Amino acid sequence: MKIAIVGAGLAGLCAAKSLLDAGAGDITVFDRHVGPALETSHANGALLHPSAVDPWNSPGILRLLLANLGNEQAAVLLRLSALPSLLGWGWRFVRESSPARHRAHTLANVALALRSVQLMKTLRGEGLDYGAAQHGSLALHRDAAAFAKAQAHATWLQQHGVLVRVLSRDELVAREPALQPVAASLAGALHNLADESGDAYRFCLALAAQLEARGVRFRWAEEVRRVLTAGGGRVVDRVTSLLPADGAAEDFDAVVLAAAWWSVALSAPLGLALPVRPVKGYSVTLPLPGAVPEATAPLYAIQPTASLAPQQHPHPRTPVVDHDLHVAVVPVVGDRLRVAGTAEFCGEDRRIDPARIGNLLRLLLQVYPALAGHAARAPRQEWTGLRPMCADGKPLVGATRVAGLFLNTGHGQIGWTTAAASGELLACAVTRHAPPIDPAPFAPARFGL
Ligand SMILES: Cc1cc2nc3c(=O)[nH]c(=O)nc-3n(C[C@H](O)[C@H](O)[C@H](O)COP(=O)(O)OP(=O)(O)OC[C@H]3O[C@@H](n4cnc5c(N)ncnc54)[C@H](O)[C@@H]3O)c2cc1C
């Protein structure tokens, strides 16, 4: 069977790996960039977080979005200019936010995330090095009512296999001494034991090299313009070939769209309206004070400078998520600190807005005020990415009604957490093997696709 995968981010590469493991031998991966993970999978929050896979359309989301309209400081922001592109999608997004649906979607994502964490352990056992760390994550809460709600939610998640501990202030500081200066201002904290961290970019580089060594062909810098079908248009029989921008059409038995939000444009001519829209986020990566960062790629070429402050405070070492501030602060590969967060519903806007970067740095200092001097002086990598968000907060994984066309996209804010298991489900759909978890919640058929 000859298989094409469009997209060499987390979704495409994990799909290729699982397909190979399932015995599919002839795989070609197309990406318009010159290497893997140069879009959304590049500098994400670096957290694998089964503890927080709840879809973002939680009950009350509409009120929050409307309240934040025009507030540039807001972590979650809807831009009026994006409204026309969000109309149908937004209606579904809100419809799926009823408490019953939201809980069902959360549990489906939990199953996918826990399976992924298992698979990541296997991948590490196979020698894949991505700076993985298993310290769990610390969820900080500043507001007492929100903390009480979070504890109830964590108890519910625990019944479904997501391990968590409530920490006293002393226990929190013992686990993360760098939080000492803010501990007194917190209402409480949870230690999410199932969470892990790791550098998604490094993972993709290592995985792509491994796949290439196993015979997967990569066609870099090849933008796929169209998926061609036997029907030749809207009345579709089955996929036949891919048309790269500058090459001749090539025939395939199966095509997997793992092109994040850009999968929408590729599938539209086939009559499939994917309910996926971009939700912009930012990250800032700094070297840890005193650390000499390892340069793994051009975008990581952060040079140590003489101005770096000597270490006067303990380094952050455990990933921290501040739910009230909507920010994650995650040590990456032992020498960097990544601050990630914010969600903007703003269409395909790839600009780095200095005000939003400033926001992230401000949020960092609310978690680690002792880093103020360092954050002002240290060289930093500023990055933005477009989360491919599906209207019900779950990825689209599996076969479509166009024979031979498969999807692995729509992972939104949980694409690193669920990448390995999504790849596995996708491979089961293509090779018709029995999947290890229920694929129905992720099936494109739920949207009539
Ligand atoms: C700020 C931020 C923080 C995040 N933090 C986390 C986190 O902590 N934990 C977590 O689980 N998730 C996180 N995420 C989400 C996660 O990063 C994404 O869900 C994930 O990267 C999506 O992977 P992907 O492979 O679908 O997309 P991408 O990595 O974008 O890959 C799609 C690929 O398709 C290629 N492509 C597109 N169109 C074409 C075409 N026509 N022809 C050829 N190639 C094409 C692109 O070049 C790209 O390489 C975060 C996202 C952001 C933005």
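The values are calculated or read from the model by the stated rules, or taken from the named source; none is laboratory data. Keep in mind the model is a prediction, meaning the values are calculated, not measured. A quick note on method: Cβ atoms are made from the backbone with ideal geometry, for glycine too, and the neighbour counts reach across all protein chains shown. For the accessible areas, the whole protein counts, side chains as well, though only heavy atoms, and no ligand, DNA or RNA atoms are used. Shrake-Rupley method; radii C 1.70, N 1.55, O 1.52, S 1.80 Å.
Observations on the model:
- Considering residues of the stretch 157-170 that are in contact (Cβ under 8 Å) with a residue 12 or more places away in the chain and not aliphatic (A, V, I, L, M) only, the residue least open to solvent (accessible area, probe 1.4 Å): GLY161
- Hey, VAL255 over 26 Å from HIS326 (Cβ atoms), within 16 Å of the ligand (Cβ to nearest atom), at pLDDT below 90 and surrounded by 19 or more Cβ atoms within 10 Å (Cβ to Cβ) or not: no
- Any hit, the stretch 138-148, residues being surrounded by 15 or more Cβ atoms within 10 Å (Cβ to Cβ), aromatic (Phe, Trp, Tyr) and part of a loop (DSSP other than H, G, I, E, B): no
- Looking across the stretch 52-65 at every residue that is touching a strand residue (DSSP E or B) at 6+ places or on another chain (Cβ under 8 Å) and open to solvent by 20 Å² or more (accessible area, probe 1.4 Å), the one that is nearest to the ligand (Cβ to nearest atom) is identified as ALA52.
- Pairs, first open to solvent by 10 Å² or more (accessible area, probe 1.4 Å) in the stretch 30-49, second of a type in the set (Lys, Arg) and near the ligand (Cβ under 6 Å from one of its atoms), C-beta under 7 Å, six or more apart: THR40/ARG387
- Qualifying residue in the stretch 88-110 (condition: assigned to a loop (DSSP other than H, G, I, E, B) and under 21 Å from LEU257 (Cβ atoms)): no
- Search result, residues across the stretch 191-220 that are open to solvent by less than 60 Å² (accessible area, probe 1.4 Å) and either touching a Lys or Arg at 6+ places or on another chain (Cβ under 7 Å) or of a type in the set (Val, Ile, Thr) (or both): HIS191, LEU207, LEU211, VAL216
- Failed condition for ALA249, given (1) at pLDDT 85 or above; (2) closer than 25 Å to THR40 by Cβ; (3) within 15 Å of the ligand (Cβ to nearest atom): (2)
- Near pairs, Cβ below 6 angstrom, 6+ apart or cross-chain, from the stretch 1-14 (within 18 Å of VAL227 (Cα to Cα)) to any residue that is assigned to a loop (DSSP other than H, G, I, E, B) and near the ligand (Cβ under 8 Å from one of its atoms): ILE5/ALA258; VAL6/ALA259; GLY7/ALA258; GLY7/ALA259; ALA8/ASP31; ALA8/PRO36; GLY12/ALA258
- Listed by position, the strands (runs of 3 or more DSSP E) enclosed by the stretch 181-231 that each have at least 3 residues that are more than 23 Å from ASN44 (Cβ to Cβ) are 224-229.
- Positions within the stretch 23-48 being more than 6 Å from the ligand (Cβ to nearest atom) and not hydrophobic (A, V, I, L, M, F, W, C), in sequence order: GLY23, GLY25, ASP26, THR28, GLY35, PRO36, HIS42
- Residue satisfying all of: in the stretch 1-22; out of contact with any His (no Cβ under 9 Å at 6 or more places or on another chain) and not in a helix (DSSP H, G or I); farthest from the ligand (Cβ to nearest atom) among these: MET1
- Residue in the stretch 298-310 that is more than 23 Å from ALA139 (Cα to Cα), more than 14 Å from the ligand (Cβ to nearest atom), modelled with pLDDT of 85 or more and surrounded by fewer than 22 Cβ atoms within 10 Å (Cβ to Cβ) present: no
- ASP349 being open to solvent by 10 Å² or more (accessible area, probe 1.4 Å) and either assigned to a strand (DSSP E or B) or not hydroxyl-bearing (Ser, Thr, Tyr) (or both): yes
- Scanning the stretch 336-346 for residues that are at pLDDT 95 or above and open to solvent by 10 Å² or more (accessible area, probe 1.4 Å) yields a total of 1.
- Selection within the stretch 84-93 - surrounded by 15 or more Cβ atoms within 10 Å (Cβ to Cβ) and of a type in the set (A, V, I, L, M, F, W, C): LEU86, TRP89, PHE93
- Screening ALA427 with (1) more than 30 Å from GLN73 (Cβ to Cβ); (2) open to solvent by less than 10 Å² (accessible area, probe 1.4 Å); (3) modelled with pLDDT of 95 or more; (4) in contact with a Gly (Cβ under 9 Å, 6 or more places away or on another chain) gives one miss only, at (4).
- Residues that are among the polar types (S, T, N, Q) and either part of a loop (DSSP other than H, G, I, E, B) or within 16 Å of GLY12 (Cα to Cα) (or both), drawn from the stretch 396-430: THR400, ASN408, THR409, THR417, THR418, SER422
- Tally of residues being in a helix (DSSP H, G or I) and open to solvent by 20 Å² or more (accessible area, probe 1.4 Å) across the stretch 111-136: 10
- From the list LEU186, LEU179, the lone residue that is over 24 Å from the mean Cα position of the chain (by Cα), modelled with pLDDT under 95 and either among the hydrophobic types (A, V, I, L, M, F, W, C) or surrounded by fewer than 16 Cβ atoms within 10 Å (Cβ to Cβ) (or both) is LEU186.
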